[in-house]
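Just so it is clear, none of the values below were taken in a lab; they were calculated from the coordinates. The structure displayed is predicted, hence computed values, not measured ones. Ideal geometry is used to build each Cβ from the backbone, glycine not excepted, and the neighbour counts take in all protein chains shown.
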Amino acid sequence: MTETIIRAKNVGYETENTLILKNINFEISKKDFVGIIGPNGAGKSTLIKILLGEIEGYTGDVEIRGKIGYVPQHDFIDKTFPISALEVVLMGLYKETGILRRFKKEHINRALEVMKILEIDKLKNRKVGKLSGGEYQRLMLSRALVSGPDILILDEPEAGVDKKGQKLFYNLMKKLNEEQGITVILVSHDISMIFSETNKVMCLNRTLHCHKNTSEMNRDDFKKIYSDSLEMLVHIDEPLKVVSRND
Amino acid sequence: MTELFSYDFMVYAVTAALLSGISCSVLSNYIVLKKMEFIGDGAGHTAFGGIALAILMGWNLNLVSVITGVIFALSIYFVSKKQKVNENSIIGILLSLSMALGVIFISLKKGYTPEIDGYLFGDILMVSETDIKILAVVFSAIIISVILFNKELKYYAFNQRMAKIYGVPVNAVNFLFLLTVSVVVVTSVKIIGIILVTALLLTPGIIAKMWAGTLNHMIIISSVVGTVSSVLGIIAAYYFNIPPGPSIVVTMFGFFLISFLIKNIYTKIKK
Ligand SMILES: Nc1ncnc2c1ncn2[C@@H]1O[C@H](COP(=O)(O)OP(=O)(O)O)[C@@H](O)[C@H]1O
Ligand SMILES: [Mg+2]
C-alpha cells in the first residue's frame, strides 16, 4: 500500500506574463526518493517554492501531507556574518519555541544531536563563514532535519562540494530515505546519480515531461524529451551529461 | 573636567549625544549586516524636507520630522515589497525629492533661516529637555526590542528568506526596523546633523564586525564605540571650540582607523 504524501494537480505559474510552469501533474508517495532534473531556468526552484508555500498566485492544486525540511539552492551568505553553526541549526526549531520564543535546553540538545549524526557537532561554535563547502552543506541539512520532517527537499545541494563529499552526501540521503522513511526530493544536475539512486525521476522544462520509474526510462526517451528544448550533449558511453545553454 | 558639566547645556549635550550615539550604534549592526548602508543617508536627507516645511509653516519640528520619518519608512516598505523596484532606488528617489522640496520651502521663507545649518551638521546647543525625553524613549524602545527580539533580528539579518520559511515574522521585523531607523535618524539630527548621521549608523557596526564572534558581542562592542566616541567627541568639541557633530564623526573615524590597523597587524602576526 503506497500512501500519497504530495499531489500536484494541473499546477501552473505565470509571472509578468511569462509562463514559468504549466500542466504539472504528479504524485509522490511516502518513502519515495524522487530526482528532479531539467535545464537551468526550467522552473525547478519555482516548483519547490510552490511546494514550500512561498509563492502565491499559482493555479491548480497542491496537496501536502507532512512536514517539509528544505535545503536551498546555493544560499549565498555573507562569509563574515557573526553567527555560529549551532545558531543556524536552531533556526529550524524557531516554530517550536513557545510564546516567549526562547530556545530551551531541549531544543539545543536536539540541534546538537542532528549535528552529531552529520558529524559537525564539534563545529557548533564555529562561525558559518569558516566552514568548508561540505561542512556548510551538512549544516544546511542539519537545519532541514532538526524539526523531524517527513519530506526532505534539496535544491541542487552539490554546490561547492567535491566529488567525494557529494558521494557521501548521496549515501546519507539514501540512508535517511531507507532507514528513517523520509521522502526525499532532490533537484540535481548529476544525472548518473539520479538514475542510480532514485526510484522516480521527474524531467522538468516548464512542464513535466515524464514521471516514470527510472527503469522505464532509457536514453532515447531522454534524448527525445530534451533535444528540442535544449542543447544536450550525450556522451554515448558513460556518464550521461546534460549541458544547458547557460553552462 | 567637572567644570565642563557645570553648564546645563553641556549636560544636555552629553546626555543627548549618548542616547543618540548608542541608539544609532545598536542599529548600525543590523544595517551593516543587512547591507542597507544607504538607509541612514536616505532617512536623514528625507527629514530635511520635513524640517524645512515645519520651519516655513512654524509647526512643531519634532512632530513633523517624526511624521516624515514614518512616511519614509512606509514608502520604502510598501514599494520594495512589490519587488519591482529596488529598495535603494526608492531611497535615492525619496532622498533627492525631499531635499528638493526642503530647498524650495526654505526659499519661500522670507529672510535668513539660521537654524538650517544646525540641522545639516548638528547643533547640540539647540537640544532641549523635550528632545532628551524623545531620545530617551527611542533609546529604551531600541534596547528593549534588541533584548526581546534578539533571535528574530538575528535571523532576519542573516537570511530573510530562510527566516521567513522557518516562521520568523520577517515582514513585521522589517517594517519595525525601517521605522526605528527613520525615527532615530530624525530625532538625532540636532546632535549630529542630516549629513553626518550616516557615520553613526555605519562606523560602530563596521568596527564591531571586525572583532565580534557573535551578533550579541557585536552589539556590545558597537555600543562601547558609540558611547566613547560621543563623549570624547563632545569634550573635544568643547576644548577645541569646534562643532560637536563633526567632532563625534571624526573621533569615530579615529576608532575605525585604529581598529583597522590593529586588525591587519593582528592577522599578519597570526599567519
Ligand atoms: N521572481 C521571478 N520573477 C520573474 N521570473 C522569475 C522569477 N523567478 C524565476 N523566474 C524565472 O522563472 C524561470 C524558472 O526559474 P527557476 O525556477 O529558478 O529555474 P531552475 O531552478 O530550474 O533553474 C526562469 O526563466 C527565471 O528567469
Ligand atoms: Mg534552481
**lysines with Cα under 16 Å of A:K175, excluding same-chain neighbours fewer than 8 positions away** = A:K30, A:K31, A:K116, A:K167
**Prompt:** If you find the alpha carbon centre of the stretch B:154-193 and of the stretch B:95-117, how far apart are they in angstrom?
**Reply:** 29 Å
**Asked** Hey, with R₀ at 41 Å, roughly what FRET efficiency would A:K175 and B:V85 work out to, going by the Cβ-Cβ distance, to 0.05?
**Response** 0.30
**Shielding score for A:98-108, defined as the mean number of other chain Cβ atoms within 10 Å** = 1
**Asked** By Kyte-Doolittle mean hydropathy of at least -0.5 and Cα axial length of at least 24 Å, which whole DSSP H helices of chain B are selected?
**Response** B:8-33, B:38-57, B:61-81, B:87-108, B:129-148, B:170-192, B:215-240, B:244-270
**Message:** Apply the a/c threshold of 1.5 to the C-alpha gyration tensor of the stretch B:188-266 and tell me whether it is rounded, prolate or oblate.
**Reply:** prolate
**Item:** Listed residues B:I258, B:I195, B:I221, most fluctuating in chain B (Gaussian network, C-alpha, under 10 Å)
**Value:** B:I258
**Message:** List the pairs from A:K174/B:K164; A:K104/B:K209; A:K124/B:K81 whose alpha-carbon separation is above 32 Å, in the order I gave them.
**Reply:** A:K124/B:K81
**Gap separating the Cα centres of the stretch B:35-63 and the stretch B:200-271, nearest whole Å** = 26 Å
**Request:** Ignore the peptide's own chain and count Cβ atoms of other chains within 10 Å of each Cβ in A:80-91; give me the average, rounded.
**Result:** 5
**Fill in**
Dividing the helical contributions, -39500 (n - 2.57) per DSSP H run of n ≥ 4, by the residues of chain B yields a 222 nm value, nearest 500 deg cm²/dmol, of -28000 deg cm²/dmol
**Message:** Longer than 25 Å from Cα to Cα, which of A:K163/B:K154; A:K44/A:K200; A:K95/A:K164 are they? Say none if no pair is.
**Reply:** A:K163/B:K154; A:K95/A:K164
**Fill in**
A correct Stokes-Einstein calculation for the stretch B:6-265, using the alpha-carbon Kirkwood radius, 20 °C and 1.002 mPa s, returns a whole-number D in µm² s⁻¹ of 116 µm²/s
**Computed FRET value (nearest 0.05) for B:V70 with A:T4, which takes r as the C-beta separation and R₀ as 35 Å** = 0.10
**Asked** What percentage of all Cα-Cα pairs in the protein assembly as shown are separated by more than 32 Å?
**Response** 53 percent
**Request:** Give the peptides A:22-29, A:164-171 in descending order of average Cβ contacts within 10 Å, highest first.
**Result:** A:22-29, A:164-171
**Prompt:** lysines near B:K133 by alpha-carbon distance under 22 Å, same-chain residues fewer than 8 away left out - which ones?
**Reply:** B:K190
**P(r) tail fraction, the stretch B:55-155 - alpha-carbon pairs more than 24 Å apart, %** = 43 percent
**Fill in**
Counting only backbone N atoms under 19 Å from a point 7 Å out along Cα-to-Cβ of A:T59, the residues of the stretch A:8-42 in range are A:8-26
**Message:** List residues of the stretch B:121-140, by number, whose backbone nitrogen lies under 11 Å from a label position 7 Å along Cα→C-beta of B:T15.
**Reply:** B:128-136
**Item:** Pairwise FRET efficiency - B:M57 versus B:Y112, Cβ, R0 = 25 Å, nearest 0.05
**Value:** 0.90
